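Participant: I'd like to ask you about the structure that follows.
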Protein chains: 4
Amino acid sequence: MKLPSTNRIEAFSDGVIAIIVTLLVLEIKIPEFEEHTFAGFLAVMAPLVPKLIGFAFSFFTVAIFWVNHHNFFHRIKHATWRLLWHNNLLLFFLSVVPFTTGFVGDYPTDRFVVAMYALNLFLAGVAFSMMWHYALVRSNLAGESTSLAERKREYMQTGVYGMVLYAVAVGVALIYPPAALIMLVLLQLVYFFMNSKTADVPLEA
Amino acid sequence: MKLPSTNRIEAFSDGVIAIIVTLLVLEIKIPEFEEHTFAGFLAVMAPLVPKLIGFAFSFFTVAIFWVNHHNFFHRIKHATWRLLWHNNLLLFFLSVVPFTTGFVGDYPTDRFVVAMYALNLFLAGVAFSMMWHYALVRSNLAGESTSLAERKREYMQTGVYGMVLYAVAVGVALIYPPAALIMLVLLQLVYFFMNSKTADVPLEA
Amino acid sequence: MKLPSTNRIEAFSDGVIAIIVTLLVLEIKIPEFEEHTFAGFLAVMAPLVPKLIGFAFSFFTVAIFWVNHHNFFHRIKHATWRLLWHNNLLLFFLSVVPFTTGFVGDYPTDRFVVAMYALNLFLAGVAFSMMWHYALVRSNLAGESTSLAERKREYMQTGVYGMVLYAVAVGVALIYPPAALIMLVLLQLVYFFMNSKTADVPLEA
Amino acid sequence: MKLPSTNRIEAFSDGVIAIIVTLLVLEIKIPEFEEHTFAGFLAVMAPLVPKLIGFAFSFFTVAIFWVNHHNFFHRIKHATWRLLWHNNLLLFFLSVVPFTTGFVGDYPTDRFVVAMYALNLFLAGVAFSMMWHYALVRSNLAGESTSLAERKREYMQTGVYGMVLYAVAVGVALIYPPAALIMLVLLQLVYFFMNSKTADVPLEA
């Protein structure tokens, strides 16, 4: 018995994504503190707050990518070389997220740092979108009986509108970083709730 | 052949938890020492002792979560989107454990640091408890023929009493940290021995 | 039901390779910067550029190893002890890549550092080549009906020519490092495009 | 379809061990160097040599544990709670190896540091031995038709003699560290070649 050909791509991706979400916390260094009062504790924790928020946000962003990756590969019937490399490109951009997250946690008000973080998420989104277009529109690796027009419409709805908004967030960051950060949070919430309509439907069905 | 729909959640969780328990040791830095006598070695190792105890304790705590996670998913017949996200929430709180463990290893007598560590374990426990309630009480994703009342009783016994004691530990930490640390150890021992009655029963049966 | 005997080798290799590609980014430290202008940002990012290029290059190099590893094990019918250890040797040389990559990112013009990096890739290539020779030429663990001569020819084409070029790159690095870096990039591109002819062929077929 | 009950233990163990062998390299820090001559390069690399040897040795030691773990679980028909925890104890001692390896790499001539490293390998060996005794002697989880006496003899040969020698190495380290390091290397070579008699036998058979 041989496992399905998508099995190792999923296992490898799971590994990479699991490491990314777990490495994020390594960017939060244990602070030194002297004065063991509540005021002293708060003073020590205060500079960590942007780091912690960045960590939590990136954790859930990468987790959303993982959930979508899971759903995407559940539909794929067989892998191809081109699919492997589309996936590797996605994993590459995701693997930079701990770096850009740590950077934005240190300098949450700097426009270039926030723009770089938004650009990172944009590029990961573009890579996912390209993989989707290849596998589910152009090549129909899912072997579904839907028409090309239907598959294109689904592709536009799933990925393309989001990409445009990510690109806008990069531009907004260069003008007013807090607005870009709020945009990124809202975008993730949209992605999060997009799948929530079928929240209790068995994933295998 | 497609693997069961819980397979990738388990694989991803295994990855995240495996990384968490292994990253814990990274918080223990190699000390510098000059005087290569037994007294010199002890002097160098002494400040590492709370770190090592914290590492060992967190390793076993996260391992207990993993064992319970393993048993939990063994019962689940199919995954849903909501189950995925309950699980992601649990993994999020577990992924903070290396940070809070390192922190409590550096400041084992500070009440706020100990309270934060207890709070971390409490929140991980709450996330597990919520996942259990969703999957085994409300939705019966295990497809078991037990009544709702029976499932509720099992849920109360497994998770809820423990959560209350974790919450108490957070409060105790703010008054007298050593008592909270002892409470946490006792709680883990209870969780550990809870499953030991069926220690030699094949897990598949 | 027992999984195929190559399953755990693949899972372990996936884990090691997933960690290697993700650890690479840890070598890129978050810089400190004061002047929050575009000029200030560029000044801070400039020294990171060789690190980022090195990270991207090593990511894709290790990913190419992973893709070839995936294709290789897809053909293997059963594992042996000797195959396990050939694979462990390959993983050993790959696991040094984050160190040599970080080193070359810090000193991209030093001939000895570049030679060490080329040597690292050469040794990983040799290990893969030895594994290939053992499994697909000498022992035919794939159980294919091709003749020994055909298997030898495939082996020479797949691995041996590349090894010679890697060895040359080590020598070139000692004379003129930039030429060696360009050679390494070209070599990876050749490896990359070598499999692209069958880019859309289902991998299971 | 549910995967065999040992599947997740193996996946979790693979993850932990994969991370351990890959984290080892993180202990080797990229050195700073100024003088870009061969003499300058050697001067910079010289202090890394014990670290690199320690890294290579621990990589292969943990890899030997992994190979034996692989062979061990291949025989196990079903998992039990007690088996899970024997395995977790083994993983715990293995997860300390990056720390003790880095320590011995920094102070390869210190008797207490070398003794601690030998002790770590001894304890990992004891944990494996205990797991073997539980699963293959006392409980026969492999469901093999061999007699208790045969299983006991195999157990003694596989693990117990090695443990005694590890314990001796701890003692030797306290008297003359280089002799202990040589003993550890020889012990690993014995473990390595112990399985080499069946090097080309399909592992599934």
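Participant: Reachable lysines from residue A:29, Cα under 23 Å, same-chain residues fewer than 8 places away excluded?
Facilitator: Here the lysines satisfying the reach criterion relative to residue A:29 are A:51, B:29, B:51, C:29, C:51, D:29.
Participant: Whenever you get a sec, compute what percent of the accessible area on the protein assembly as shown sits on carbon and sulfur atoms (1.4 Å probe).
Facilitator: Carbon and sulfur: 69 percent of the exposed surface of the protein assembly as shown.
Participant: Further question on the same structure: Could you identify which residue out of D:108, D:178, D:47 has the top mean-square fluctuation in a GNM of chain D using Cα springs shorter than 10 Å?
Facilitator: Ranking D:108, D:178, D:47 by mean-square fluctuation puts D:47 first.
Participant: Roughly speaking, what is the stretch gain from residue B:26 to residue B:174, that is 0.36 nm per residue apart minus the C-alpha to C-alpha distance, in nm to one decimal?
Facilitator: 50.5 nm is the gain from fully extending residue B:26 to residue B:174.
Participant: Once the other residues with Cβ under 13 Å from the Cβ of residue A:82 are scored (Lys, Arg +1; Asp, Glu -1), what is the net sum?
Facilitator: Taking every Cβ under 13 Å from that of residue A:82, the sum is +1.
Participant: Within 10 Å of each Cβ in C:113-121, how many Cβ atoms from other chains are there, averaged over the peptide?
Facilitator: 1
Participant: Moving on. Please identify the helices of chain C, taking whole runs of DSSP H, that span at least 20 Å along their own axis as judged from the Cα atoms and have a mean Kyte-Doolittle score of -1.0 or higher. It would help to have the intermediate numbers written out before the result.
Facilitator: Details: long enough: C:7-23 (24 Å, 1.16); C:49-75 (39 Å, 0.71); C:81-95 (21 Å, 0.74); C:111-132 (31 Å, 1.54); C:161-175 (22 Å, 2.19); C:177-194 (26 Å, 2.05).
Membrane-span-like by this rule: C:7-23, C:49-75, C:81-95, C:111-132, C:161-175, C:177-194.
Participant: Hey, another quick one. In square nanometres and to one decimal, what's the mean projected area of the convex hull around the Cα atoms of segment C:95-141?
Facilitator: Seen from a random direction, the Cα hull of segment C:95-141 projects 3.5 nm² on average.
Participant: Defining a contact as two alpha carbons under 8 Å apart and six or more residues distant in sequence, what relative contact order in percent does segment B:1-111 show?
Facilitator: 46
Participant: Where the label is 7 Å out from Cα toward Cβ, how close does residue C:160 come to the same position in every other copy, in nm, shortest first?
Facilitator: Distances to the matching label points in the other copies: 5.1, 5.1, 7.2 nm.
Participant: Further, regarding this structure: Averaged across the residues of D:80-90, what count of C-beta atoms belonging to other chains lies within 10 Å of each residue's C-beta? Walk me through the intermediate numbers first.
Facilitator: Numbers: counts 8, 12, 6, 4, 8, 8, 0, 1, 8, 3, 0.
Mean partner-chain Cβ count within 10 Å for D:80-90: 5.
Participant: Cα centroid distance between segment D:66-87 and segment C:7-31, in Å?
Facilitator: 25
Participant: Quote the FRET efficiency, to the nearest 0.05, computed for residue C:53 versus residue A:199 with a Förster distance R0 of 56 Å and r equal to the Cβ-Cβ distance.
Facilitator: The pair residue C:53/residue A:199 has a calculated efficiency of 0.85.
Participant: Could you list log10 I(q)/I(0) for segment D:87-205 at q = 0.09, 0.16, 0.18 Å⁻¹, which the Debye formula gives when each Cα is one point scatterer?
Facilitator: Each listed q maps to, in turn, -0.30, -0.85, -0.99.
Participant: Taking each label point as 7 Å beyond Cα in the direction of the beta carbon, state the distances from residue C:201 to the same residue in the other copies, shortest first, in nm.
Facilitator: Here residue C:201 shows inter-copy label distances of 3.7, 3.7, 5.2 nm.
Participant: So, one more: Using a 1.4 angstrom probe with every protein chain in place, what is the largest-first accessible-area order of B:156, C:183, C:163?
Facilitator: Numbers: B:156 80, C:183 45, C:163 20 Å².
Output order, biggest surface exposure first: B:156, C:183, C:163.
Participant: Another question, then. Using only the heavy atoms of the protein chains and a 1.4 Å probe, how would B:197, A:152 rank by accessible area, largest first?
Facilitator: B:197, A:152
Participant: Now a separate question. Can you pull the one-decimal nm distance between simple spin-label points at residue A:137 and residue B:189, each 7 Å off the Cα toward Cβ?
Facilitator: 6.2
Participant: Could you tell me what fraction of 2.2 N^0.38 Å the Cα radius of gyration of chain C comes to, as a two-decimal ratio?
Facilitator: Output field value: 1.15.
Participant: From largest accessible area down, sort C:161, B:117, B:107; use a 1.4 Å probe on the protein chains.
Facilitator: Putting C:161, B:117, B:107 in descending order of accessible area: C:161, B:107, B:117.
Participant: Can you tell me which lysines have their Cα less than 20 Å from the Cα of residue D:152? Leave out same-chain residues fewer than eight positions away.
Facilitator: Excluding near neighbours in sequence, the set is D:77.
Participant: Still on this structure, please answer the following. Rolling a 1.4 angstrom probe over the protein heavy atoms, how many square angstrom per residue are accessible across chain C?
Facilitator: With the other protein chains kept in place, chain C gives 39 Å² per residue.
Participant: Given the Cα atoms of the protein assembly as shown, and with Rh set as the inverse mean 1/r over their pairs in the Kirkwood sense, what is Rg to Rh to two decimals?
Facilitator: Details: Rg = 26.4 Å, Rh = 28.0 Å.
Taking Rh as the inverse mean 1/r over Cα pairs, Rg/Rh reads 0.94.
Participant: Please report the net charge: other residues with Cβ closer than 14 Å to the Cβ of residue C:112, K and R +1, D and E -1.
Facilitator: -3
Participant: Oh, and also: Give me the compactness ratio for segment C:81-122, meaning the Cα radius of gyration over 2.2 N^0.38 Å.
Facilitator: The value comes to 1.37.
Participant: I would also like to ask the following. How much net charge surrounds residue B:43 when only other residues with a Cβ under 14 Å from its Cβ are counted (Lys, Arg +1; Asp, Glu -1)?
Facilitator: With Lys, Arg at +1 and Asp, Glu at -1, the net is -4.
Participant: Where the convex hull is taken over the Cα atoms of segment D:48-92, what is its projected area averaged over directions, in nm²? Can you show the working numbers first?
Facilitator: Details: hull surface 13.9 nm².
Projected area, direction-averaged: 3.5 nm².
Participant: Just the number, please: Stokes-Einstein D of segment D:21-142 in µm²/s, Kirkwood Rh from C-alpha pairs, 37 °C, 0.692 mPa s.
Facilitator: Working: Rh = 16.3 Å.
The estimated diffusion coefficient comes to 202 µm²/s.
Participant: Along Cα-to-Cβ, 7 Å out, sits the label point; list in nm, shortest first, how far the one on residue D:50 is from those in the other copies.
Facilitator: The answer, with the shortest distance listed first, is 3.0, 3.0, 4.2 nm.
Participant: Can you tell which of A:100, A:72, B:42 lies farthest toward the positive end of the dipole of the protein assembly as shown, using +1 and -1 charges on the Cβ of basic and acidic side chains (Lys, Arg; Asp, Glu)?
Facilitator: Farthest along the dipole direction, towards plus: A:72.
Participant: Turning to a different aspect of this structure: Need the C-alpha centroid separation for segment B:131-192 versus segment C:154-205, integer Å.
Facilitator: Each part's Cα centre sits 55 Å from the other's.
The values are calculated or read from the model by the stated rules, or taken from the named source; none is laboratory data. Everything quoted here is computed from the prediction, not taken from an experiment. Heads up, the Cβs are rebuilt from the backbone with ideal geometry, glycines too, and the neighbour counts pull from every protein chain shown. Heads up: the accessible areas ignore ligands, DNA and RNA and are worked out on the full protein's heavy atoms, side chains in. Shrake-Rupley method; radii C 1.70, N 1.55, O 1.52, S 1.80 Å.
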